[in-house]
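Here, each number is a calculation from the coordinates, and none is a lab measurement. This structure is a prediction, so every number in the text was calculated from the model and none was measured. All Cβ positions, glycine included, derive from the backbone under ideal geometry; neighbour counts span all protein chains shown.
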Amino acid sequence: MIAESYIQYYADNNIGTIEFYTPHHNSLPSHMLKELTAAIDKASQDVAVKVVVLKSGGLKTFCAGASFDELLSIETEDQGEIFFSGFANVINAMRRCKKFIVGAVQGKAIGGGVGLIAACDYVYATKTADIKLSELAIGIGPFVIGPVVERKIGTSFAYEMSIDAASFRSAEWAREKGLYAALFDDATALSEATNQLAVTLSNYSAEAMAEVKKAFWANTDHWKTLLYERAAISGRLVLTEFTRETLKAFKNK
């Protein structure tokens with residue numbers, strides 16, 4: 001079992017790969033959100049890279065979202081806003097990245113993990129990669145990731161997921177709604193398909209791909225302020241008695 005948390009970035013044959021891992025179901029504390037943002041920015045500026053692959057370590061969970069331990073350590077609204085701004089920073093880095101980001105989702109995704117998937121430009125997943133927006137169940141809401149999830153699957157389905165915060169949606173449901181481009185039987189088949197797609201894209205014009213991405217991410221520049229306004233809402237709600245007690249109950253399970 002992998003014990004240590006990490007974020008890795010490496011480039012090979014015009015393909016940049018970013019991989020993250022934490023022992024707690026790939027949940028992300030603030031320092032790793034900073035590292036992930038930096039890795040995405042680095043890939044965007046790397047002249048040796050034409051396409052970026054984003055993936056996580058382990059098998060069962062792609063990303064469980066925010067670190068509950070860190071959420072419980074928040075004592076002020078400012079601290080809360082800073083923490084949730086970490087997800088805003090990652091999403092903004094992904095949308096402004098000059099390269100296509102291909103997501104390889106090998107397991108379930110919850111909360112902020114769904115936001116990471118939605119911020120990718122193209123996503124492959126395994127058939128076990130179910131998704132859930134669980135924020136409302138702990139007294140918050142998918143405020144920071146809401147715009148990017150809505151952009152990907154539509155307001156109606158994003159709202160449905162937000163309200164039914166206790167239920168997972170199947171990987172097939174996510175594929176039908178446009179979050180995933182294709183599903184694969186296991187992590188090996190997923191990896192092979194992702195690598196094949198990345199190789200194909202690595203032979204395309206970097207300039208053309210950058211312009212295509214720019215065109216399809218049009219009308220999102222206001223996220224430079226919107227996502228941080230949303231982070232402030234989450235930062236306030238995380239201090240409520242309901243959320244504190246709910247987080248403690250989840251942690252003690």
Near LYS248, which lysines are there with a Cα under 28 Å away, not counting those fewer than 8 places off in the same chain? LYS34, LYS60, LYS108, LYS132
Farthest toward positive dipole pole in region 6-187 [+1 Lys/Arg, -1 Asp/Glu at C-beta], among SER27, ALA119, ILE131: ALA119
Taking the beta-carbon count within 10 Å as an exposure proxy, list LYS34, LYS108, LYS251 from fewest neighbours to most. LYS251, LYS34, LYS108
Non-local amide H neighbours of SER134 (under 5 Å, H modeled in plane, Pro and chain starts lacking H): which ones? GLY111
For region 1-68 and region 213-239, what is the separation of their C-alpha centers, rounded to whole Å? 21 Å
Report the percentage of all Cα-Cα pairs in region 122-198 whose separation exceeds 20 Å, rounded to a whole percent. 35 percent
What is the set of long-range amide H partners of LYS108 at a cut-off below 5 Å, with H atoms built 1.01 Å from backbone N? THR61, PHE62, ASP130
For n ≥ 4 DSSP H runs only, could you compute -39500 (n - 2.57) per run for the chain, divide by its residues and tell me the 222 nm figure to the nearest 500? -15500 deg cm²/dmol
Starting with the fewest neighbours, write out ARG96, ARG169, ARG230 ranked by other beta-carbon atoms found within 10 Å of each beta-carbon. ARG96, ARG169, ARG230
